[in-house]
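For reference, the structure discussed in these notes is given below.
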Amino acid sequence: MSLNFAFIGVAGYVSPRHLSAINKLGHNLKIAYDVNDNVGILDKFFPKCLFYNDYNKFKHNFKKIKKKIDYTVITTPNNTHFKYIKFALINNSNVICEKPLVLRSNHLKEIKKLEKKYKKKVYTILQLRTLKVVKDLKKNKRLIDKNKNKNYQITINYITPRGHWYKSSWKGNSKKSGGILFNIGIHLLDLVCFLFGQYKKYKIIKKTSSSCVGEVKFNKANLRFKLSINPEDLKVYKDRKVVRDFIINRKKIDLAKNFEKAHYDTYRDIIEYKKFDIETVSNSIILAEKMSK
Ligand SMILES: NC(=O)c1ccc[n+]([C@@H]2O[C@H](COP(=O)([O-])OP(=O)(O)OC[C@H]3O[C@@H](n4cnc5c(N)ncnc54)[C@H](O)[C@@H]3O)[C@@H](O)[C@H]2O)c1
């Protein structure tokens, strides 16, 4: 069955991955909004889609067709997600919102109330969970270590340098992005929570505006992580331009394989299997919020 979508934030960097997934799955984009109007990409995927760069006009026209809208996609700066999630739920639409779903755990509670009230659901994008290597590990952690009683040692070194633009954009403003733990770390924190459950305790060892080093203890796992967008942190790695090491008990897990397909897989999992709902992603948001304080 072909479903109808609305889209908020359609002019941005990550938007084409969403447009492509909606298109490939055979669904339709009816209406889109962005404060900017560089949205020629719509012609590639959905030439008949309505577009507004004025919020009042978008709201007015959304409301006229709201009975037809099944999902509203949100890919705006992180601090605006909550406002648009509320708008969509109140107008009887399910939501697919980019990571991090929200920046405050009390917003999770409000969203749950609204989901109940309007009988609609909110889903998020945490595409690493769709990778085959992660699914296999979730089913059977003994792929990593045959001794099931052993504690797992996880090391994450995630150094993905960003240029000067980052500091000037909303991504470099922690009030808007939530800072490095939310904007970059959430993918990895979510992955560890997905595999090892709720965290027990955490410790921040060092935090700057461009990096964070810390430890998190889980029931059967100890995580040590370093996240950084500072090119200086690459120096010790000699020739590497980016470091995305995710290691469990000395075994390197390749999170780059099939990454391009991951938004498509996430959409399929949400629409067909109702995965990635608010319950399953709350753990990592609560952890990122605590560690950001
Ligand atoms: N899952 C992933 O791998 C992944 C990758 C990149 C970004 N993201 C997430 O996707 C979202 C968008 O990131 P991006 O890299 O595309 O950023 P971006 O800045 O390129 O795009 C954001 C878009 O939102 C628009 N916008 C800004 N403020 C707005 C507002 N108040 N109302 C409506 N539109 C507004 C901008 O004009 C822009 O087109 C963020 O939540 C980010 O964390 C996820």
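Computed from the coordinates by the stated procedures, all read-outs in this text should not be read as laboratory data. Here the structure is a predicted model, which is why all the values come from computation and not from measurement. Every residue, glycine as well, gets a Cβ built from its backbone with ideal geometry; the counts of neighbours run over all protein chains shown.
Miscellaneous remarks
- Three-way shape label, the range 52-119, alpha-carbon gyration tensor, a/c 1.5: oblate
- Global form of the range 246-293, assessed from the alpha-carbon gyration tensor, a/c cut-off 1.5: oblate
- Tensor-based shape of the range 186-259 (alpha-carbon gyration tensor, a/c under 1.5 rounded, otherwise prolate or oblate): oblate
- Segments 71-81, 102-112 sorted - mean Cβ within 10 Å per residue, highest first: 71-81, 102-112
- Placing unit charges on the Cβ atoms only, positive for Lys and Arg and negative for Asp and Glu, gives the chain a dipole magnitude near 1000 debye about its Cα centre.
- Efficiency of FRET between His164 and Leu25 - r from beta-carbon atoms, R0 25 angstrom, step 0.05: 0.10
- As a length-normalised measure over Cα pairs under 8 Å and 6 or more apart, the relative contact order of the chain settles at 20 percent.
- Panel order for Lys206, Lys238, by other beta carbons found within 10 Å of each beta carbon, from fewest to most: Lys238, Lys206.
- Across the range 226-236, rounded Karplus estimates of 3J(HN,Hα) from the backbone phi angles (6.51 cos²θ - 1.76 cosθ + 1.60, θ = phi - 60°) give 9, 10, 7, 10, 8, x, 4, 6, 7, 3, 5 Hz, Gly and Pro being marked x.
- DSSP finds beta bridges in the chain, and of those with both partners inside it, around 45 percent are antiparallel.
- Fully extended contour minus Cα-Cα distance, from Lys83 to Lys57, at 0.36 nm per residue: 7.7 nm
- Per principal axis, descending, Cα span of the range 4-124 in whole Å: 38, 29, 28
- Largest mean-square fluctuation among Cys49, Cys212, Cys97, in a Gaussian network model of the chain whose springs join Cα atoms under 10 Å apart, belongs to Cys49.
- Geometric descriptor of the range 135-293, per residue, is 138 Å³ (volume of the convex hull of the Cα atoms).
- Relative to the longest principal axis of the Cα atoms of the chain, helix 81-90 runs at roughly 40 degrees.
- Placing one equal scatterer on every Cα of the range 154-196 and applying the Debye formula, the log10 ratio I(q)/I(0) at q = 0.19, 0.22, 0.23 Å⁻¹ is -0.64, -0.78, -0.82.
- Along the axis of the charge dipole computed for the chain (Cβ charges of +1 for Lys and Arg, -1 for Asp and Glu, origin at the Cα centre), the listed residues Thr266, Phe82, Ile278 are led at the positive end by Ile278.
- From most to least packed by mean Cβ count within 10 Å, the peptides 166-174, 153-161 give 153-161, 166-174.
- Other residues whose C-beta falls under 10 angstrom from the C-beta of Leu227 contribute a net charge of +1, scoring Lys and Arg +1 and Asp and Glu -1.
- For the chain, calculated [θ]222 nm from helices alone, where every DSSP H run of n ≥ 4 adds -39500 (n - 2.57): -10500 deg cm²/dmol
- Cα centroid of the range 216-293 to Cα centroid of the range 125-193, whole Å: 1
- Calculated over the chain: convex hull of Cα atoms, volume per residue (Å³): 139
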